[in-house]
Amino acid sequence: MESSLFLFPHLSEDHRRRFIAAGTRQGWFHRPEPLVVALSGGGDSMALLLLLLAVTPASRLVLAHAEHGLRGEASREDARFVQAVGRQFHLDTEVAFLAVRENRCPGESIEVCARRLRLHFLEETARSRGALWIATGHQADDLAETVLFHQVRGAGGRGSAGFREVRLPYVRPVVDFTREELRSLLRAQGFSWREDGSNDSPEYTRNRIRHTVLPLLESAVHPGATRHLAALGREMAEREDREDGEAGALLAWVRRPFPRAERAWRGDVAVGLKDHLLARLLRLEARSLGWGALDRRRTEDLLSLVRRPSSCWRFQWQEDRELVGGRPLWGWVRRPWGEPLGAVPLPPEGEWRWGPWRCRWEDTVAPEGRSFGGWGLGLRFCAPPEKSFLVPLASLDGETRRKAPVPRWCHAWWPAVEGPEGARILPWDRGDLSLPPSGGCDRMDRLLSFSLGKEFACS
């Protein structure tokens, strides 16, 4: 502690107290494990490093800098600056040179790709160093900007929560400090920092909020408006987390495992929920799957869609992701849903594979009333096998399809039997269906059973 006071003689006790309080609240301050510092070289992250050096051993800190290769020589200078800071304070320093343009996914923006690669680098650095936390320089102005940005875009009540102070492995130790406070601290200690020119460009909405809206609120509406907005963001985040925790039990209840879906819901339960609760469950599920958040307008559109009398609907969540609804299931699925399997003639007997299905003819009399629900599906059938075919449900006509309690995204590979007396499909939750006796048979004396392969097993 004495050495930190010597290194930073102009660090006030108030700064130290507030920073330690944030670290205690966030869980990293009293722990010995390494802490990765996401150091861009800008004023916020440099002030974060200064405060960390003042209250925690330097041996605990790991600097991590992502050079995106998007600003030419300026970004390379940022990387060299961070490396020099690491040498100055004898800190373990990791710099990654990311080829953002070369690693973009189809349809992915430069900004989204840069963020994806940066987070991957930070998290890999933390794993390799045994670090439990990654500290970022987000401060009170950032939180206030986020609250305003989300509100003007129609994010609703959840947008008031801004970002989380802690979302492991990420922590935000300077969230209680304003941007000007942090820069004043750096100037008082004689610390330099790098400025990213893109942060001043009026092209970006956040920059206009930063340089125009917030200063106007501070000068013309109320001094301290930024702090108040940030406090609102933290309070709403705490409230949202409590309500999300309560909704988590309901979410576990509404889920139903089902193949070829990232997640499946009981549609009869979901449609019976009130709008505000259903919207919350939809947000929670999307977050758990890594799907993007819907704004208020699109959430309202989805709620209106699920309330329609029609039993089937589709909602495009993102480019290749859909929420597909109907009774009895809603499916969170990715396009394409799957190529249809080809028709195969039913053999006289035995076992074989048909896509993901294990198929079997049994030459035994099935007892009346026997049910094959769940993953084991069955059909009692008397027509000669050589005159019958196994086909995907998608190949049948619409009338037959409407009778099937089978999710829409499964039609391309769900087994159905097309026989000389017409087709009868195999339901997933209503036991057996059967073709009528033919050829003089007075009883159904064959059993056709199906079960999904291990690769589609759900827990």
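The values are calculated or read from the model by the stated rules, or taken from the named source; none is laboratory data. Keep in mind it's a predicted model, so treat the numbers as computed, not measured. Here Cβ is always computed from backbone atoms with ideal geometry, including for glycine, and neighbour counts include all displayed protein chains.
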Worksheet item: What number of residues in region 104-143 are touching a residue at least 12 places away in the same chain (Cβ under 8 Å) and out of contact with any strand residue (DSSP E or B) (no Cβ under 6 Å at 6 or more places or on another chain)?
Response: 15
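Within region 67-117, how many residues are aromatic (Phe, Trp, Tyr) and closer than 21 Å to Leu186 by Cβ?
The number of residues fulfilling the criteria is 2.
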Fill in: Any hit, region 98-106, residues being basic (Lys, Arg) and touching a helix residue (DSSP H, G or I) at 6+ places or on another chain (Cβ under 9 Å)
yes
Practice prompt. Please enumerate the residues belonging to region 268-301 that are among the charged types (D, E, K, R) and under 21 Å from the mean Cα position of the chain (by Cα).
Written response: Arg280, Arg283, Glu285, Arg287, Asp295, Arg296, Arg297, Arg298, Glu300, Asp301
Fill in: Number of the exception - Asp78 against (1) acidic (Asp, Glu); (2) touching a Gly at 6+ places or on another chain (Cβ under 7 Å); (3) closer than 16 Å to Ala135 by Cβ
(3)
Worksheet item: If a residue has to be of a type in the set (S, T, N, Q) and within 13 Å of Val175 (Cβ to Cβ) to count, how many in region 18-36 make the cut?
Response: 1
Discussion item. Looking only at region 107-132, count every residue that is more than 20 Å from the chain's Cα centre (by Cα) and either not basic (Lys, Arg) or not in a helix (DSSP H, G or I) (or both) and tell me the total.
Written reply: 6
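Residue-wise test of (1) of a type in the set (Phe, Trp, Tyr); (2) exposed (fewer than 13 other Cβ atoms within 10 Å of the Cβ); (3) modelled with pLDDT of 85 or more.
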residue: Thr93; (1), (2), (3): no, no, yes
residue: Ala96; (1), (2), (3): no, no, yes
residue: Gly107; (1), (2), (3): no, yes, no
residue: Leu117; (1), (2), (3): no, no, yes
residue: His120; (1), (2), (3): no, no, yes
residue: Glu123; (1), (2), (3): no, no, yes
residue: Gly130; (1), (2), (3): no, yes, yes
residue: Ala135; (1), (2), (3): no, no, yes
Worksheet entry | Matching option when the condition is over 27 Å from the mean Cα position of the chain (by Cα), of a type outside the set (Phe, Trp, Tyr) and within 30 Å of Arg287 (Cβ to Cβ), among Ser304, Ser310 | Ser310
Worksheet item: What pairs come up if the first residue lies in region 181-192 and is free of Cβ contacts under 8 Å to residues at least 24 places away in the same chain, the second is surrounded by fewer than 16 Cβ atoms within 10 Å (Cβ to Cβ), and their beta carbons are under 9 Å apart, counting only those six or more places apart or on different chains?
Response: Gly190/His10
Item to complete: For region 169-205, enumerate the residues that are surrounded by 14 or more Cβ atoms within 10 Å (Cβ to Cβ), at pLDDT below 80 and in a loop (DSSP other than H, G, I, E, B).
Response: Asp196
Worksheet item: If a residue has to be more than 18 Å from Val324 (Cβ to Cβ) and free of Cβ contacts under 8 Å to residues at least 24 places away in the same chain to count, how many in region 294-312 make the cut?
Response: 1
Worksheet item: Among helices (runs of 4 or more DSSP H) lying entirely in region 206-310, which contain 3 or more residues that are surrounded by 15 or more Cβ atoms within 10 Å (Cβ to Cβ) and not aliphatic (A, V, I, L, M)?
Response: 225-254, 275-289, 296-306
